[in-house]
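The values are calculated or read from the model by the stated rules, or taken from the named source; none is laboratory data. These numbers come from a predicted model, not from an experiment. Cβ atoms come from the backbone with ideal geometry, glycine included; neighbour counts cover every protein chain shown. Side chains included, ligands, DNA and RNA excluded: accessible areas come from the protein's heavy atoms. Shrake-Rupley method; radii C 1.70, N 1.55, O 1.52, S 1.80 Å.
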Amino acid sequence: KLSPLSPASPNNYLDQSCCGRGCPGDHCFFSRGVSPAHRIHPTAQPMLARTRLSTFIPSLFVIRSRLAMSSATGTVTIHQPLNYRAGARVHPADGGQAEEVYEPATGRVICKVLCSGEKEVDLAVQSAKAAFKIWSQMSGMERSRVLLEAARIIREQREEIATMETINNGKSIFEARVDIDISWQCLEYYAGLAGSLAGECIQLPGGSFGYTRREPLGVCVGIGAWNYPFQIACWKSAPALACGNAMVFKPSPFTPVSVVKLAEIFTEAGMPKGLFNVVQGGAATGQFLCHHPDVAKISFTGSVPTGMKIMEMAAKGIKPVTLELGGKSPLIIFSDCALENAVNGALMANFLTQGEVCCNGTRVFVERKILDVFTKEVVKRTQKIKIGDPLLEDTRMGALINRPHLDRVQGFIKQAKEQGAEVLCGGDLYVPDDPKLKNGYYMRPCVLGNCTDDMTCVKEEIFGPVMSILPFDTEEEAVERANATKFGLAGGVFTRDIQKAHRVVAALKAGMCFINNYNLSPVELPFGGYKASGFGRENGRAAIEYYSQLKTVCVEMGDVESVF
Ligand SMILES: NC(=O)C1=CN([C@@H]2O[C@H](COP(=O)(O)OP(=O)(O)OC[C@H]3O[C@@H](n4cnc5c(N)ncnc54)[C@H](O)[C@@H]3O)[C@@H](O)[C@H]2O)C=CC1
Ligand SMILES: C[N+](C)(C)CCCC(=O)O
């Protein structure tokens, strides 16, 4: 933990462990994080004042970590307003319909979220517009410093944010910490790019020339899903803000809590008040945002049907959109793979966040020669996954998001059995011994055998911990079947043959492909889909394209030769 004696020193570690396993950042298998560990960045000016203050008040850090420690499962209730506008938490000006927010681990209501109406949405957009005027005039380096400071505060509050995320989403604290690490890395990455965003200069005849300017779009809207609430907000806001935009963000009404924390951190880091606002609510609030005439861009993460509606609304205002939608991705395991890695890869591809991951490789194609040995090993390992209280250190699978979703996933398993699939393990409800968890939304991770391509469990996105195993005989067959889907978000291949690996991923119609691993999230790599999985990219340099526009300036150095 941070030493209170000299926290401004770049040699001090904020937190020694990257992913909760005590690994030093650079070894983290999820993020391939920043090495050698998470050092404090001494560059950000606003931060220095803050850090010096904390030098003299070391107890601030103690209080913070105590707060995080005292948030046990089944104890948290949130009373603060969940909208954020003009640099402060506020109650919405209108709307006000209240939705209950659950703690998936216990089924308790942790708060009620008030859905924002048209007036509140407009106030948030106007607040963003005002801040945009200031922020868009700052240099990339100035914006970079503020983003770095925000990244630093997130690292400092990692435990608190991860705990909140676990309580509201149900995923294990182990994973939530990784999500938070990927989040601050995303901010650092775009902070790094902000200073180098530039156009080009092009020579024209006679000493004339042209140049391009990369300019922000204006007020961008972010609409998020519930599976990675904090991380999705960072994946959208970091590139948007680095490019000089302002943002109004609407999280899923199931997970409204953590993004408000991000908004507070942005203000604390020195962003102009109103640069990042949060409105809460469901479809109606989302529609007010999408139709708002002062919104310049919509970045959406969610389901395909909602994505279509977003695109229709955006079309009416000629607004660019980024759509990060669902998937049913293939993972192809060849018989020449390193078996243990392939088994680990299949678990990574299916069971993170209770299987509620858009890019999961849920169609696991296994070369028939190794079908039995692979399946046996996958089942053995799946049965060992520790389910239960997500705030316990050794839990690896928590609770699904809510009762209707759990029922839906159960429905898919029932239908799979009716269609002839064999449940090789799990798929049933899990009832923890701990009485406080009795009403939580738990199920055992499921492996389905005897699957065929026409089964619903193989065709539709389940968004739960359900892996379908499908045997294949030849590479051509595997590729053809892998591509026979409306989706195209991700895909993976396990083989020791490097030529085969590159050949297969080149043939996959998917935006995010993995060779000999799965579901890593280095923020340097662009992420996004083909086909019905959407378009536009998050992360990497590519995202800059989607949060900026190019202005061309043509400069005449001679006289005007008029045609007239
Ligand atoms: N490709 C990706 O990066 C990801 C995709 N997803 C996909 O998201 C889905 C699960 O997330 P959900 O939150 O259930 O999706 P959803 O589509 O129901 O909701 C997503 C967001 O859109 C809002 N929304 C719903 N109707 C709207 C409307 N008519 N206008 C404007 N906003 C509206 C919701 O309130 C929520 O904030 C899965 O299909 C999954 O594959 C989830 C995470 C990542
Ligand atoms: C972080 N990762 C790669 C496991 C999932 C990211 C996409 C999503 O939001 O579902």
Apart from one, (1) among the basic types (Lys, Arg); (2) near ligand 1 (Cβ under 9 Å from one of its atoms); (3) open to solvent by less than 10 Å² (accessible area, probe 1.4 Å) all hold for Lys236; the odd one out is (2)
Q) Do we find a residue being in a helix (DSSP H, G or I), within 16 Å of ligand 2 (Cβ to nearest atom) and modelled with pLDDT of 95 or more anywhere in the stretch 215-224? A) no
Condition set open to solvent by 40 Å² or more (accessible area, probe 1.4 Å) and not hydrophobic (A, V, I, L, M, F, W, C), scope the stretch 513-527, selection farthest from Gly540 (Cα to Cα): answer is Asn516
Okay, strands (runs of 3 or more DSSP E) sitting entirely in the stretch 76-193 with 3 or more residues that are open to solvent by less than 10 Å² (accessible area, probe 1.4 Å), I get 108-116
For the stretch 345-364 the number of residues that are within 12 Å of ligand 2 (Cβ to nearest atom) and outside any helix (DSSP H, G or I) is 6
When restricted to Gly244, Gly207, the only residue surrounded by fewer than 22 Cβ atoms within 10 Å (Cβ to Cβ), farther than 21 Å from Ile161 by Cα, at pLDDT 95 or above and not aromatic (Phe, Trp, Tyr) is Gly207
Among Thr301, Thr322, the single one that is of a type in the set (Ser, Thr, Tyr), within 16 Å of ligand 2 (Cβ to nearest atom) and out of contact with any Cys (no Cβ under 8 Å at 6 or more places or on another chain) is Thr322
Please verify whether Val479 is crowded, with 23+ Cβ neighbours inside 10 Å and more than 25 Å from the chain's Cα centre (by Cα), treating the condition exactly as stated.
yes
* Condition met for Lys500 (open to solvent by 40 Å² or more (accessible area, probe 1.4 Å) and in contact (Cβ under 8 Å) with a residue 24 or more places away in the chain) -> no
When every residue in the stretch 532-548 that is part of a helix (DSSP H, G or I) and either over 18 Å from Val219 (Cα atoms) or in contact (Cβ under 8 Å) with a residue 60 or more places away in the chain (or both) is compared, the one nearest to ligand 2 (Cβ to nearest atom) is Ser533
If you go through Ala346, Ala338, Ala342, the only one that is more than 16 Å from ligand 1 (Cβ to nearest atom), within 22 Å of the chain's Cα centre (by Cα) and either open to solvent by 40 Å² or more (accessible area, probe 1.4 Å) or over 22 Å from Thr301 (Cβ atoms) (or both) is Ala346
Being over 25 Å from the mean Cα position of the chain (by Cα) and more than 15 Å from ligand 2 (Cβ to nearest atom) narrows Val560, Val458, Val505 down to just Val560
